[in-house]
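The values are calculated or read from the model by the stated rules, or taken from the named source; none is laboratory data. As the structure is a prediction and not an experimental result, all values here were calculated from the model. When we count neighbours, we look across all protein chains shown, and the Cβ atoms used for this are built from the backbone with ideal geometry, even at glycine.
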Amino acid sequence: MAEVTAICRFCHATCGMVATLEDGRVTRLIGDIDNPMYAGYSCVKGRNYHAFHESPSRLRTPLRRRSDGGFESASSAAVLDEIAVRTRDILDRHGPRSVAMYGGTFSHFCPAGVMLRESFMDAIGSPMRFSNATIDQPGKPISMALHGKWGAGPQDFADADVCMLIGANPLVSMWGGIPSFNPAKRLHEARQRGLKLIVIDPRRTESARKADLHLQCLPGQDVPLLAAMLNVIITEGLCDRAFIEAETEGFGALAAAVAPFTPERVAPRAGIEAGSIIEAARMFARAQRGNVTSGTGPSMAPHGVLMDYLVLALNTVCGRWIKAGERMPNRGVLFRQFSGVARAEKPRAATGFGEALRVRGLTDTAAGLPTAALAEEILTPGEGQVKALFVVGGNPLLSWPNQAKTRRALESLELLVVVDPVLSETARHAHYVIGPRFGFESPAITFGNEGITVYGLSLGYPEPFAQYQPQLIEPPAGSDVLEDWRIFYELGRRMGYPLAFRGQPFDMSTPPTTDGLLSQFVARSRVPLEEIKRHPHGAVFPDPKPCAEPRDAEWPHRLQLAAPVMIAELHGIAAQKSEAPAPAGPVMGGEGSALRLLLVSRREHALYNSVAHDLPALRRRLPHNPAHLNPQDAARLGIVDGAIVEIESAVGGIRAVAHLAPDVREGVVSIAHGFAGACTAALIDDATDYEALSGLPRMSALPVTVRPAAATPTTA
Ligand SMILES: Nc1nc2c(c(=O)[nH]1)N[C@H]1C(S)=C(S)[C@@H](COP(=O)(O)OP(=O)(O)OC[C@H]3O[C@@H](n4cnc5c(=O)[nH]c(N)nc54)[C@H](O)[C@@H]3O)O[C@H]1N2
Ligand SMILES: Nc1nc2c(c(=O)[nH]1)N[C@H]1C(S)=C(S)[C@@H](COP(=O)(O)OP(=O)(O)OC[C@H]3O[C@@H](n4cnc5c(=O)[nH]c(N)nc54)[C@H](O)[C@@H]3O)O[C@H]1N2
Ligand code: SF4
Ligand SMILES: [Mo]
């Protein structure tokens, strides 16, 4: 028996753990108290990650679909041979664009996989590369491109005296606003020092409960709400005038565009008091340092890009970026995140470049090609139609909008290859499923939390921290599983492609090692990987040049407060006649009572997207995917806790177990995505109700009708 340090990869937070090793297995996981970044934190998912490695549902060998629709085991060598032949045939008949790649959440956790996957797509010459980023918060990179990126980065949470969260719940999601590395401890310490927390969320979330001010707004009204706050800050002169004058353009146009959004006009549509909007604006702007950040909720509601643009504008008019001479908390260890110069970086394109999709007029974007349109791309006949899809570490059937259409699309493919440790709902439709090595079966570095700057605000490590974990265990005895990268290396080799990384060809006769690939990936790191390896608990590697430098006087670029496309959209919203949202209320006609509610997204503590729901420890905590409803709404529906409800949208319906939750605002139903039963993807309209730039459908603040389920016996 031995105790070793490990990196949890059940989620993006990559907490530092201590693993107990017994006979080549991990038998226990706890948070590593000696890890300087995470200080002993772990969650129930992470403490059970080892069970996922040994789960009975884990694929021990690749699967091949038989002609009768069932699956049979096959060797990895055989399925790779067949996939190579079939991919080559599709390329010959339909050209490079017919082969698409979808990299889901877990495809990003392994840099070696990214290297070989990208290289494989380069070799094929296909631009059709999609990821979960465009069904998450595509408005963040797109708005950042429209507004400009600040070269010295955002102000730090560690010395902030205010933090405002718009539809984000980092205490559960470990995502955004409060650094995701033991966030509860960080928030507690910050509040001891006097930090004010403002939360804007239709739910009294775990984070909202700690807030100094919680605006329990209606969902989908964040644009008017943020515009009203900007209006208050500008009219009351609470801006950072010097910063605005020196570093921005468009302030006058922004001020004019937000002028119609008075707190009094916005309050009724947002369902809160005008006074609380003013209070939030003052609390934020009168503080000296700190950011406003948004999460997935408002990003998935209508006008998500504009919402994130206004978040950036709020930070900018209050000067909440690191100025020349100030200390930057983390410029990077494995990567350089920021130029380190206090200036607006050279602008980059937001949308309208790269590969044009054949549907909905969508283009490539700063967040990537719009995944929400991929199902329709697959289903649309004609030149360029996608015939083969590789899915790595994602679960389209549960995560892409419009589940019925996704199912049709997956079923129509000539070739679907899924790389997943279990036979996921998506994998059930595949022609081939290959189980990867994962977690402790391969080495890891904490690169993800460094590379995440497009999401901008207080997300990455707040100090120059890095950690490496060697491979700890072998895959279960007798299994035939491959690392993600190995799959694409082997396909490249079989198809005769010379694969390469940053122009350096791989040796196509002798496979590289994961460690070798990691070294290549971080070859330009500030701290050599060998040095990082010497610190098993991870370490902070102080930056010799931590202070932001001044820009050249002639530097031509400025932050853009009035990107024309954003200002036009804002004018449009100001001109809307109906100021109140569709009322939450009873639906007339039909049998029994029904209510029109707005469905909002959420995260559950014991759930990470669609991953490993059948682990006993998680299943016990969350046996099904509850629909959280305010008790008043439940009373209107005449239902009690545990009743089955039907939830119906314009495109589909699901059943869920009602959970009476006083923390949810009346008029709202709050439910997580990614669950096979009660899957919200079935409710999302991909094709008619979507954000024009990003292609992201309305996935929050979604109008639905909720009614008690017909009296048929059911288990949700
Ligand atoms: N309606 C609605 N839809 C949504 C959302 C919403 O709020 N509402 N949220 C959106 C968001 S934010 C996201 S990020 C997406 C997520 O969308 P996806 O990334 O497509 O889905 P995940 O559920 O994260 O899929 C993860 C898959 O990876 C597998 N896996 C686990 N570990 C490994 C590993 O080590 N290697 C490999 N290769 N695979 C592994 C799991 O078994 C699982 O099948 O969904 C989006 N869809
Ligand atoms: N435990 C756990 N952690 C996770 C995940 C998980 O599934 N489980 N998923 C991971 C993923 S993929 C992501 S992208 C991140 C997301 O991280 P977060 O964005 O922090 O996700 P949520 O916790 O869903 O918080 C979103 C909040 O938005 C609110 N909301 C919904 N609609 C609106 C609206 O229109 N306006 C406003 N103001 N608020 C609204 C919801 O009530 C909810 O509290 O979390 C990650 N972390
Ligand atoms: S938050 Fe939980 S699941 Fe995520 S990395 Fe940390 S321990 Fe693992
Ligand atoms: Mo996400």
- Message: Please count how many residues of the range 619-645 are farther than 29 Å from Lys45 by Cβ and not in a helix (DSSP H, G or I).
- Response: 3
- Message: I'd like to know if the range 623-641 contains one or more residues that are more than 14 Å from ligand 2 (Cβ to nearest atom), touching a helix residue (DSSP H, G or I) at 6+ places or on another chain (Cβ under 8 Å) and either closer than 30 Å to Leu362 by Cβ or not hydroxyl-bearing (Ser, Thr, Tyr) (or both).
- Response: yes
- From (1) over 27 Å from Val600 (Cα atoms); (2) under 22 Å from the mean Cα position of the chain (by Cα), pick out the condition that doesn't hold for Gly125. (2)
- What number of residues in the range 101-127 are outside any helix (DSSP H, G or I), more than 16 Å from ligand 3 (Cβ to nearest atom) and surrounded by fewer than 23 Cβ atoms within 10 Å (Cβ to Cβ)? 4
- Among the residues of the range 617-663 satisfying the criterion of being polar (S, T, N, Q) and crowded, with 21+ Cβ neighbours inside 10 Å, which is modelled with the highest pLDDT? Asn630
- Exactly one of Ser180, Ser207 is surrounded by 24 or more Cβ atoms within 10 Å (Cβ to Cβ) and modelled with pLDDT under 95, and that residue is Ser180
- Within the bounds of the range 64-81, is there any residue that is modelled with pLDDT of 95 or more, within 13 Å of ligand 1 (Cβ to nearest atom) and farther than 22 Å from Arg494 by Cα? no
- Note on the structure: Expected single match for of a type in the set (S, T, N, Q) and within 16 Å of ligand 2 (Cβ to nearest atom) among Thr27, Thr14 is Thr14
- Message: I'm checking my understanding of the structure. Among residues of the range 580-595 that are within 16 Å of ligand 2 (Cβ to nearest atom) and surrounded by fewer than 18 Cβ atoms within 10 Å (Cβ to Cβ), which one is modelled with the highest pLDDT?
- Response: Ala582
- Consider Ala274 against the criteria (1) within 16 Å of ligand 1 (Cβ to nearest atom); (2) without any contact (Cβ under 8 Å) to a residue 24 or more places away in the chain: it satisfies all of them except one. Which criterion is unmet? (1)
- Could you run through the range 7-41 and say how many residues are under 20 Å from the mean Cα position of the chain (by Cα) and of a type in the set (Gly, Ala, Ser)? 1
- Given (1) buried (at least 21 other Cβ atoms within 10 Å of the Cβ); (2) more than 30 Å from Gly572 (Cβ to Cβ); (3) not small (Gly, Ala, Ser), index of the condition Glu189 fails: (1)
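Find the residue count for the range 129-163, including only residues that are more than 16 Å from ligand 1 (Cβ to nearest atom) and part of a loop (DSSP other than H, G, I, E, B).
Taking the range 129-163 and keeping what is more than 16 Å from ligand 1 (Cβ to nearest atom), we get 143-163.
Then drop every residue that is not part of a loop (DSSP other than H, G, I, E, B), which leaves 148-149, 151-153, 155-156, 160-161.
Looking only at that region, the number is 9.
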- Message: Quick check on Gly177: is it within 16 Å of ligand 1 (Cβ to nearest atom), closer than 30 Å to Val341 by Cβ, in a loop (DSSP other than H, G, I, E, B) and small (Gly, Ala, Ser)?
- Response: yes
- Query: Just for the range 625-661: of the residues that are more than 24 Å from Arg204 (Cβ to Cβ) and among the acidic types (Asp, Glu), which one is farthest from ligand 4 (Cβ to nearest atom)?
  - Reply: Glu646
- State whether the residues of the range 24-39 include one that is in contact (Cβ under 8 Å) with a residue 24 or more places away in the chain, closer than 22 Å to Pro616 by Cβ and within 16 Å of ligand 1 (Cβ to nearest atom). yes
- How many of the residues in the range 604-616 are within 11 Å of ligand 2 (Cβ to nearest atom) and either of a type in the set (A, V, I, L, M, F, W, C) or surrounded by fewer than 21 Cβ atoms within 10 Å (Cβ to Cβ) (or both)? 6
- Residue, nearest to ligand 3 (Cβ to nearest atom), within the range 612-624, restricted to residues that are in contact (Cβ under 8 Å) with a residue 60 or more places away in the chain and under 24 Å from Ser207 (Cα atoms): Leu618
- Any idea which residue in the range 136-187 is nearest to ligand 2 (Cβ to nearest atom), counting only those that are over 16 Å from the mean Cα position of the chain (by Cα) and of a type in the set (D, E, K, R)? Arg186
